[in-house]
Amino acid sequence: MLREWRRFHVLATMAVLLVAIAWCVQFTARASPGSVPGPPTSPLAAFEGDLPVADSSAWTSRRAPLLRSAFVERIYGAAAPVASARAEYRTIDSSALERTAQLQLLTLHLDAPGGATPFQVALLTPNAGTRFPLLVLPVFCGLDSDVDARLPSPAWRPMRCRTSLGRALTQLSHGDAILQPPLRAMIARGYAVAVFYAGDIAPDDPVLFSEAPIHPSADAQESGAIAAWASLYLSVFEALHTNPRIAPSLIAVWGHSRYGKAALLAAGVDPRIGAVIANQSGTFGATLSSATRGETTAQIVRRFPHWFPARLAASPRGRYSDELDQHLLLALLAPRPILLGNAGLDRWSDPAASFSAARSASEVYALFGRIGLAQDDMRLPQMSAEIAFYVRPGGHGVRSSDWDRALDFLDIHFNAAPSRASAASRGV
Ligand code: GTR
């Protein structure tokens, strides 16, 4: 009995040690992101019968609309605002976050095929100042508990996040800083923040998604969850860009992983979005489909069929050509700022293939007289360039250093934006 007890004790100690070691490696290891694959076809080259592009007006008027339709038709399905511009505002707390911010609950009315569907968004605006840049972000698991407690709970806290085990598992799969975006820091740095929980409207589940009230296209078969989430970003944008307290040209979308894909798509289809921060967006995000050594397009479509229209899921190889690769989605964002966050151990999202995509997209930034990516080394971000790219130690997920980088990047790009400078000089 004693021997068995000892054996159990030794095994349990070893298991705890192994978990602890895995945890430390996950946080600190500096794995190499691998070598950068060769460039894809230039975004300026002829594309399926369209002549080569030589200047920014040909890009904007001819090539960009062609690419937008190609991404929608062949990969994601339609992404467009689905809310009427009308939003109902309810002030929940005018001195939230230790009196630094106003907390409002917005109800947007989505034009769902089955009738109007309410979609709730939490809006925090700093109490000091008047016209703020805005960060739009989806949450995975509720918000800061002070804020959460004041919001209608089902909309913000999915079932899995109501237990500490569920929250711990979410932290394990999506990073320790996923649960709580640093709202206080965002407010202190002068940003308004609009937060939504996408699962409320477009659940991340094949069955629930197919029964969801809202689809960007009337036919659920023709749409996928990534496009639906992109449509939610766009709906929030639509409702808030006319809000007098928000600077309309300074609206950024942030997304991690699956929402990073959606954030890139939203900005790809809507040139009014001011900047994108895509954290570890991977396959069908910023990573080249043709070069990835991580998750392949066939794997992602098999594992997450509801993320894509049924026609892509049925034929993952046939629906898009190698020509339509993800560097073209990044190119659609030119000349706007993009921050691409990566993690060395996250080989599944293949940072090196995303670096290659960013480099290639920079050819389009050059048409606009911008540099795009201004770094040769994946690990040495040039944060003031329009495309900044970093690889932090550790694995997949959001860490507090990712949030810090995101805010530093926005500080640089939005502070330098002429509209903010002139708005500031006009005292608005
Ligand atoms: C992974 C998936 C990725 C990415 C990620 C996430 O398992 O393969 O494409 O989207 O999940 O959203 O965390």
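Some notes on this structure:
- Elements of type helices (runs of 4 or more DSSP H) in region 237-347, at least 3 residues being within 15 Å of the ligand (Cβ to nearest atom): 258-269, 297-303
- Listed by first and then second residue, the pairs linking a residue in region 194-208 that is farther than 16 Å from residue 152 by Cα to a residue that is surrounded by fewer than 22 Cβ atoms within 10 Å (Cβ to Cβ) and modelled with pLDDT of 90 or more, with Cβ atoms under 9 Å apart and 6 or more places separating them unless they lie on different chains, are 204/304; 206/304; 206/305.
- Close Cβ contacts (under 8 Å, 6 or more residues apart or on different chains) running from residues in region 344-372 that are among the hydrophobic types (A, V, I, L, M, F, W, C) to residues that are open to solvent by 60 Å² or more (accessible area, probe 1.4 Å) and away from the ligand (no atom under 16 Å from the Cβ) comprise 345/25; 352/35; 367/55.
- For region 70-189, the helices (runs of 4 or more DSSP H) that sit wholly inside it and include 1 or more residues that are surrounded by fewer than 21 Cβ atoms within 10 Å (Cβ to Cβ) and of a type in the set (Lys, Arg) are 96-99, 164-174, 183-188.
- Under the condition of being under 14 Å from residue 199 (Cβ atoms) and modelled with pLDDT of 80 or more, the residues counted in region 145-169 number 1.
The values are calculated or read from the model by the stated rules, or taken from the named source; none is laboratory data. Because the structure is a prediction, the values reported are computed rather than measured. Don't worry about glycine lacking a Cβ; one is built from the backbone with ideal geometry, like all the others, and counts go over all protein chains shown. Side chains included, ligands, DNA and RNA excluded: accessible areas come from the protein's heavy atoms. Shrake-Rupley method; radii C 1.70, N 1.55, O 1.52, S 1.80 Å.
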